[in-house]
Amino acid sequence: MAKSSKYVSKTPDDNGVIHWSVEENQIWQELVERQLECIKGKACDEYLEGLRKINLPHNRIPQLHELNEVLKRETGWQVAPVPALIDFDEFFRLLANKQFPVATFIRSREEFDYLQEPDIFHEIFGHCAMLTNPDFAEFTHQYGKLGYAAEKKDRVYLARLYWFTVEFGLMQTAEGLKIYGGGVLSSPGETQYVYSGKPEISALEVLDVLRTPYRIDIMQPLYYTITSIKDLFEISKMDIMSLVEKAKELGLFEPKFPPKEKLAS
């Protein structure tokens, strides 16, 4: 989160409106239509219900105040415009105050399929629908409060919990494996990859998650599953910081991926 970005977020005008270009709205439309097709039969019911509630426009990038009306009504959350990249301190502070950071830029056509930093498509299409769900919203709120109060060395462990739930979380349901993590829901490649038989899929145990290394620039070799969104609510009530201490004592698991510098060979 501390690195620099080539993207620059747009600033809302005095009325809170962001002025998007015709091309930016076109990119949004193409991304939304492609991904809606991609997640058919794969996204969890809570996500699809959330999409209906926020009534996502397909032909243009939504204004943040439109999302805020729905989120406020459903769970008391809001979205907050932020620069392309923010530090952990600001990230946790926003979540602790029920504000979800949304970088107000959209990817270029050159990075249409994949970009490492979260743009407005990832944040809104991937995450906002789930924030209409009370259990998911409460988990995210408690996570923010925990992270904001935590020391820097402990935030690295907490980041893993967010990564394997909010970003890359899966759910085992009566209808089969479903996706609730925004990092998967907003990525066509990752959505297909989850069902390819290649990644390892394990039941989520918080202590295991805290000990699992990850990389942001590859397909995930491992995903963790919950059985319902209620599980996240239950996790939010746990003494997670005591589990962080235990994870530090036990040490990290061996990574299931090669180190970065070896990828080029």
GNM flexibility winner over the chain from PHE136, PHE112, PHE88 (Cα, springs under 10 Å) = PHE112
Hz values of 3J(HN,Hα) by residue in segment 191-196 - Karplus curve (6.51, -1.76, 1.60), Gly and Pro given as x = 4, 5, 4, 3, 9, 7
Quick one: of the DSSP bridges fully inside the chain, what percent are antiparallel, nearest 5?
-> 25 percent
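Counting each DSSP H run of 4 or more residues in the chain as -39500 (n - 2.57), what helix-only mean residue ellipticity at 222 nm follows after dividing by all residues, to the nearest 500 deg cm²/dmol? Mind dumping the intermediate values first?
Numbers: 11 runs with 108 residues, N = 265.
Dividing the helical sum by the residues of the chain leaves -12000 deg cm²/dmol.
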Can you list the HN-Hα couplings for segment 84-101, worked out from phi with the Karplus curve (6.51, -1.76, 1.60; θ = phi - 60°), rounded to whole Hz and with x for Gly and Pro?
-> 4, 9, 10, 7, 4, 4, 5, 4, 5, 4, 5, 4, 4, 9, 6, 10, 9, x
Quick shape check on segment 1-111: root eigenvalues a ≥ b ≥ c of the Cα gyration tensor, a/c under 1.5 is rounded, otherwise prolate if a/b tops b/c, else oblate, and it reads rounded
For segment 128-190, what class follows from the C-alpha gyration tensor (a ≥ b ≥ c being the square roots of its eigenvalues): rounded when a/c is under 1.5, otherwise prolate if a/b is larger than b/c, else oblate?
-> prolate
Excluding ligands, DNA and RNA, the carbon-plus-sulfur percentage of the accessible area of the chain with a 1.4 Å probe reads 51 percent
Using alpha carbon centers only, segment 94-113 is separated from segment 170-193 by a whole-angstrom value of 20 Å
Taking Cα atoms only, Rg over Rh for the chain with Rh from the Kirkwood formula is 0.94
For the chain, with the dipole built from +1 on Lys and Arg beta-carbon atoms and -1 on Asp and Glu ones, taken about the Cα centre, which of TYR143, THR132, PRO12 lies farthest toward the positive end?
-> TYR143
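May I ask which of LYS42/LYS153; LYS178/LYS256; LYS53/LYS237; LYS72/LYS248; LYS6/LYS230; LYS42/LYS98 have a Cα-Cα span longer than 32 Å here?
Values: LYS42/LYS153 36 Å; LYS178/LYS256 23 Å; LYS53/LYS237 27 Å; LYS72/LYS248 37 Å; LYS6/LYS230 38 Å; LYS42/LYS98 28 Å.
In this structure, LYS42/LYS153; LYS72/LYS248; LYS6/LYS230 exceed 32 Å between Cα atoms.
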Which parts of segment 57-95 would a label at VAL8 reach, counting a residue when its backbone N lies under 15 Å from a point 7 Å out along Cα-to-Cβ?
-> 83-85
Which one of ASN25, SER108, LEU252 is farthest out on the positive end of the charge dipole of the chain, using unit charges on Cβ (Lys, Arg +1; Asp, Glu -1) and the Cα centre as origin?
-> LEU252
Amide H neighbours of ALA103 under 5 Å, at least 5 residues apart or on other chains, H built in the peptide plane: list them.
-> VAL82
Put TRP77, TRP163 in order of accessible area, largest first, 1.4 Å probe: what do you get?
-> TRP163, TRP77
The size of the Cβ-based charge dipole (Lys, Arg +1; Asp, Glu -1) of the chain about the Cα centre, to the nearest 20 debye, is 340 debye
Apply the Karplus parameterisation 6.51 cos²θ - 1.76 cosθ + 1.60, with θ equal to phi minus 60°, to every residue of segment 125-139 and state each ³J(HN,Hα) to the nearest whole Hz, in sequence, with x for glycine and proline.
-> 5, x, 10, 5, 4, 5, 5, 7, 8, x, 5, 5, 5, 5, 4
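Tell me, what is the per residue accessible area of the chain in Å², probe radius 1.4 Å?
On the way: 12390 Å² over 265 residues.
Accessible surface, normalised per residue, equals 47 Å².
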Note on segment 122-265: the mean projected area of its alpha-carbon convex hull, in nm², is 9.3 nm²
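The values are calculated or read from the model by the stated rules, or taken from the named source; none is laboratory data. Given the structure is predicted, the values throughout are model-derived calculations rather than measurements. Virtual Cβ from ideal backbone geometry, glycine too; neighbours counted across all protein chains shown. Please note that ligands, DNA and RNA were not included when accessible areas were found on the heavy atoms of the full protein model with its side chains. Shrake-Rupley method; radii C 1.70, N 1.55, O 1.52, S 1.80 Å.
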